[in-house]
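Okay, structure first, notes after.
None of the figures in this text is laboratory data; all of them are computed from the coordinates on show. Predicted model, so just to flag it, every value in this text is computed and none were measured.
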Amino acid sequence: VQAAIEESVGNSISSLFNAVQDNIGIISLNQSSGNLVHQSNLRAFYLSDQPDATFDMGVNQTSVLDSVTITESGVSARKNLLDGSFQDNTVLVGINQSAGNLNQQGNHAIVVVGGTAALSDAELQSTRATNGEIDEEAVAVLEDRVTNSFTNSQGIFQVSQASGSVNLQENNLAISFRQIRLE
């Protein structure tokens, strides 16, 4: 039996202020102030000289937590904050922020040049917590906020924020480029 007790915590805040600026490339960020949180940022890139080739990124994020006791009480606020961040970037970025408990977050992208990209249906099973007490009413403020962020940036942005508990969030993206010659 696993147990997580969150009592009289006050505030549970995951925040980024004026962070991650002036970058080129791939950025993956996982930030959690909660308990028993699973986060992933997966990227796959393929170059192919076979135009009929198909590349499949079978995303499978499954977490089962049996006999887990979660007790939440006395939490005045759960917040995920992005403020003044991710500016002036040319990127593929994945961001997961969680201020709650038992959350699962995933950002997955596949880019294929010269073939076909595919994302198979993800076999997703939400987190199970048995014998637990999840009382969202005990939390006075639940807030997910993005302000003054992503200015002058270009690219692909996958963002997940969860201030509550027992959430499952997935951002899946597949892109393929092929040259076709018409005669």
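Starting from 0.36 nm per residue, how many nanometres of slack lie between Ser40 and Ser15 once their C-alpha separation is accounted for?
Full extension of this stretch gives 7.2 nm more.
Check which residues have an amide H placed less than 5 Å from Asn171's amide H, if you skip close sequence neighbours.
Here Gly106, Asn107, His108 satisfy the definition.
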